[in-house]
Amino acid sequence: MHLTAQEERILAGEEGHGRQKAIELLVALGDIYGARRLIPIASAQVSGASFKTIGDAGILFLEDFSTEAKATVTASLNPLGLDMKRWRSMGVDEEFHSKQARIVSAYRSLGIDPLYSCTPYLAGNRPRRGQHIAWAESSATVFANSYLGAMTNREGGPSALAAAIIGKTAEYGLHLPENRTPRIRIEIEEIPEGLVPLAGYVVGKIAGKRVPLISGPSLTPDEHKAFGAALAATGAVSMYVHAQKGKKTGIDTSSVEESMSLPKTELVACAESLKGDDQWDLVAIGCPHCSAAELKRMAKFLKNRRPRKDSDVWFCTSRTVFAKCPNEIAVLKRFGKVLCDTCMVVAPIEKMYKRTASDSGKAMVYLPTLGKQRTSFRTNRALLEAISR
Ligand code: F3S
């Protein structure tokens, strides 16, 4: 890989041990994937923020690293294992909190913004079309590539942190235009109400590592958020191309090797297979974190209804969005907890609940494994009806 004179100096340790370790990681990745050079990035987004996912070894690594290095570009952090203000009422114990506090402190020293969200693009870290970025959170990378038109690979936590410190990433994968062209075309005739997340869930399984071209109904930004999160959870690809059915797009389809259709019946069958039962300890909404529009829509629906209280309810969002929606939060709080900084997957949910219902395709993948939950998929509307009367 070709390095500039300054990059060579960093690699030789002339700008400190922390920057040396960071560039070593980027160069090693670049060599593995055949990158020709490092390229500047507009921002980074770092995962590996919850004590539940990184453990004691992660704390020691971050504390050590935080004395030696600092981010040089805008960099934000993924959700933590708790709400920084309401962790006690969530049911998180003192020990988890104190470990989480050490992680937060180390990331602050590293110069990573305390955004604590998987939707940084709704909370101040929103890249522009064509910008190269180094983001780690899978749902955010797919949104950035597919909806915002930015360019990023799905980084690991350490590589996103290294990119934040150097301000560069290795140029391979989705940073190269030739790897962003669709290889499979999937026609979706219709998506039943509330099943957009499952359309992503099914498409991810079909597409695997191939960038899919989705020809189907138009999607709102929030639907793209839910679709992409599920697609990146069941598939290994961090990008799709969306074409609204019947509209001219100008998308280059010369690289498409296979075409197929995804009938509505398959989405209904997927919903049925993920339905589970009606016995829930927790209803979890906000994977990925809710947008202001989603909070508004749910508050409007619930405003004149009363809570049922059959199960706990979590609405997860970023603190930035939370601060913008005081009236909606006041309504939602009558029905459950509106949590910031965290989510149902990276919080230690397994210590609190056993059975969780959610409207998220991504949560259907990770709650049974990372969260040890028995899950039930329901549409957002069905969940709101279930928690209210
Ligand atoms: Fe976000 Fe947690 Fe889902 S990080 S995408 S709410 S698993």
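The values are calculated or read from the model by the stated rules, or taken from the named source; none is laboratory data. Keep in mind that what you see is a predicted model, and the values were worked out from it rather than measured. Reconstructed Cβ throughout: ideal geometry from the backbone, glycine too, with neighbour counts over all protein chains shown. The area values use the complete protein model at the heavy-atom level, side chains included, leaving out ligands, DNA and RNA. Shrake-Rupley method; radii C 1.70, N 1.55, O 1.52, S 1.80 Å.
General remarks:
- Space enclosed by the convex hull of the alpha-carbon atoms of segment 275-386, per residue, Å³: 85
- Cross-link table Lys205/Lys351; Lys225/Lys324; Lys333/Lys362; Lys85/Lys351; Lys225/Lys245, entries beyond 22 Å C-alpha to C-alpha: Lys205/Lys351; Lys333/Lys362
- Rounded to the nearest 20, the Cβ-based charge dipole of segment 88-153 about its Cα centre (Lys and Arg +1, Asp and Glu -1) stands at 300 debye.
- Taking every C-alpha pair closer than 8 Å and separated by at least 6 residues, the mean separation divided by the residue count of segment 181-272 gives a relative contact order of 44 percent.
- Gain on full extension, evaluated as 0.36 nm per residue between Thr4 and Ala330 minus their Cα-Cα distance, stands at 112.0 nm.
- Normalised Debye scattering of segment 1-132 at q = 0.17, 0.18, 0.19, 0.22 Å⁻¹ gives log10 I(q)/I(0) of -1.01, -1.09, -1.17, -1.34, counting only Cα atoms as equal scatterers and leaving out solvent.
- Relative counts (whole %) of C-alpha pair distances in segment 54-166, using bins that are 10 Å wide: 14, 43, 31, 11, 0
- DSSP beta bridge pairing in the chain, given as percent antiparallel to the nearest 5: 10
- Listed by chain and number, the aspartates and glutamates whose alpha-carbon sits under 13 Å from that of Lys52, ignoring those within fewer than 8 places in the same chain, are Asp93, Glu95, Glu350.
- The percentage of C-alpha pairs in segment 181-272 whose separation is greater than 16 Å is 48%.
- Label-point gap, in nm, between Arg102 and Glu178 - each point 7 angstrom along Cα→Cβ: 4.7
- GluC sites (Glu not before Pro) within segment 255-335: DSSP coil, no more than 14 neighbouring Cβ in 10 Å: Glu257
- Filtered trypsin sites (Lys or Arg not before Pro), segment 215-289: DSSP coil and at most 12 other beta carbons within 10 Å: Lys247, Lys248
- For segment 275-386, the relative contact order works out to 33 percent when only alpha carbon pairs closer than 8 Å and six or more residues apart are counted.
- Here segment 181-272 is treated with +1 on each Lys and Arg Cβ and -1 on each Asp and Glu Cβ, and its dipole about the Cα centre works out to around 320 debye.
- Helix-only CD estimate at 222 nm, as mean residue ellipticity for the chain, using -39500 (n - 2.57) per DSSP H run (n ≥ 4): -11000 deg cm²/dmol
- Shape summary: segment 117-159 maps onto an equivalent ellipsoid whose semi-axes, from the alpha-carbon gyration tensor, are 14, 12, 9 Å in decreasing order.
- Cα-projected label distance for Leu11 with Asp277, points at 7 Å along beta-carbon direction, nm: 5.9
- Here the average projected area of the convex hull drawn through the C-alpha atoms of the chain stands at 18.6 nm².
- Taken about its Cα centre, the chain carries a charge dipole of roughly 1400 debye when the Cβ of each Lys and Arg holds +1 and the Cβ of each Asp and Glu holds -1.
- Nonpolar atom fraction for the chain, defined as the carbon and sulfur part of the 1.4 Å probe accessible area, stands at 50 percent.
- Sequence-distant aspartates and glutamates (8 or more away, or on other chains) whose Cα lies within less than 14 Å of Lys296: Asp222, Glu328
- Available extension along the chain between Met84 and Asp31 is 15.1 nm, counting 0.36 nm per residue and deducting the alpha carbon span.
- Sites matching trypsin sites (Lys or Arg not before Pro) across segment 37-90 that sit in DSSP coil, with at most 16 neighbouring C-beta atoms within 10 Å: Arg37, Lys70, Lys85, Arg86
- Surface per residue (accessible, 1.4 Å probe) for the chain, Å²: 41
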